[in-house]
């Protein structure tokens, strides 16, 4: 009786899902949203099952394309409605700019399915999906947020494989689960159920080994710590930059920084992105005050500031540096000039809002142009015991570029300081979703991340993706914690593109085999 009831239930489920392919768009969209009390990552592991079942006998390219567009339109609208908080047009831009390459995988899948059949085409789908994610990631119009692997940021015992495969391995793992769940429903075979649970067990076993059984295998043994304070302000990003706002911002920064130095005695203070909307070295009063404050504190400070380089066309640079007390003390006596100071310039901005993809000379929808930098830097600073620490600074949207963060670590960064501006999105899921992206970067490279944002979310992330020292968003306060330093490099850090190459090679071999087998 139970067996008959089970078969009846599976028949009904299969029939419903064949006709309700749009459920995939809803489930996938919800899997990207970030709620503090619910980890929605598991939804992504079954989200595409209704769509995959609905295309089993689909021979019409028109109907196939329609289903595909419905699924991803719903995904973008539900998953990324918060972009409209920034600018109403942003949702439409997100929809139109991302649909083409998101649907590219399924467009190719349709023709593969015509050649080798639905079952074998689905076996190839995870390989094709992850490879195309990797291949299209550098495209200038790619917003970087719709990669399937990000849905697993909170699943710490399942996402540790990222230190080997990077984000692309997580996307591969999630898509394979969708395929296996589809096979289990369609074929109701013990073999497929066994493979499904084995696939889950592989990721969980790896995570358990790295987190609990042998963490030193991930981070090495010779690890030291540095004490870091995050200075989170609460300034409305939408207010015009007048003297009142500038004074309010400056007062918050100085008061909080002074408090951190007096009460916490950190090795480094980290300020948010573009802390000063003025050129630090060009505004003499600002520079003199900053230099005297750091000399008085005898504490290094990671400072972000913006610098207009062409007022007529609103072209600017977003810069940051680590200003050390040694630099402040010796500036005048050594006659140091700004040209001699190592300054990091933000390389990647938010497409359409900070830069205009493919048309670098055209203003963005915010009527400004970010001029990107060319070099990455490792900044050195010392504590009172003369211990030297190596940190790399990165700014806001750059956290969405996996190879970018890997390059910082390859240059010698022992941890990453992320200077952020999430206040543009208010108290929407945006900040939590972007925090999830930061977690994946920490796991991929096995590096701690000190994440400082002007409105939140400011926190520390350890090399296993665990968050600590979190500050409530839109609260002007400080958080001081010890940050673990790591010198050992993960496989992904050393070979960020290797997994994608393997996926492509295996895909070609399997496709040729299946095609030969059928013919």
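The values are calculated or read from the model by the stated rules, or taken from the named source; none is laboratory data. None of the values given here were measured: they were computed from a predicted structure. Every residue, glycine as well, gets a Cβ built from its backbone with ideal geometry; the counts of neighbours run over all protein chains shown.
Data overview
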read-out: Which numbered condition residue 410 misses (of (1) within 20 Å of residue 345 (Cβ to Cβ); (2) surrounded by 24 or more Cβ atoms within 10 Å (Cβ to Cβ)); value: (2)
read-out: Complete set of residues in the range 74-89 that are surrounded by fewer than 23 Cβ atoms within 10 Å (Cβ to Cβ) and under 17 Å from residue 422 (Cβ atoms); value: 81, 82, 84, 85, 86, 87
read-out: Residue ID - modelled with the highest pLDDT, chosen from residues in the range 247-277 that are more than 19 Å from residue 328 (Cα to Cα) and touching a helix residue (DSSP H, G or I) at 6+ places or on another chain (Cβ under 8 Å); value: 273
read-out: Selected residue (criterion: modelled with the highest pLDDT) from residues of the range 14-30 that are over 18 Å from residue 99 (Cα atoms) and in contact with a helix residue (DSSP H, G or I) (Cβ under 6 Å, 6 or more places away or on another chain); value: 20
read-out: Check on residue 192, surrounded by fewer than 23 Cβ atoms within 10 Å (Cβ to Cβ), at pLDDT below 95 and part of a helix (DSSP H, G or I); value: yes
read-out: Residues within the range 477-500 that are closer than 17 Å to residue 275 by Cβ and either surrounded by 18 or more Cβ atoms within 10 Å (Cβ to Cβ) or in the same structural domain as residue 157 (by TED's automatic domain parsing) (or both), tallied; value: 2
read-out: Lone qualifier among 119, 147 - being over 30 Å from residue 405 (Cα atoms) and either surrounded by fewer than 19 Cβ atoms within 10 Å (Cβ to Cβ) or not assigned by TED's automatic domain parsing to the domain that holds residue 399 (or both); value: 119
read-out: Filter result for the condition that a residue is touching a strand residue (DSSP E or B) at 6+ places or on another chain (Cβ under 6 Å) and surrounded by 15 or more Cβ atoms within 10 Å (Cβ to Cβ), over 295, 267; value: 267
read-out: Filter result (in a loop (DSSP other than H, G, I, E, B) and within 12 Å of residue 141 (Cα to Cα)) within the range 340-354; value: 348, 349, 350, 352, 353, 354
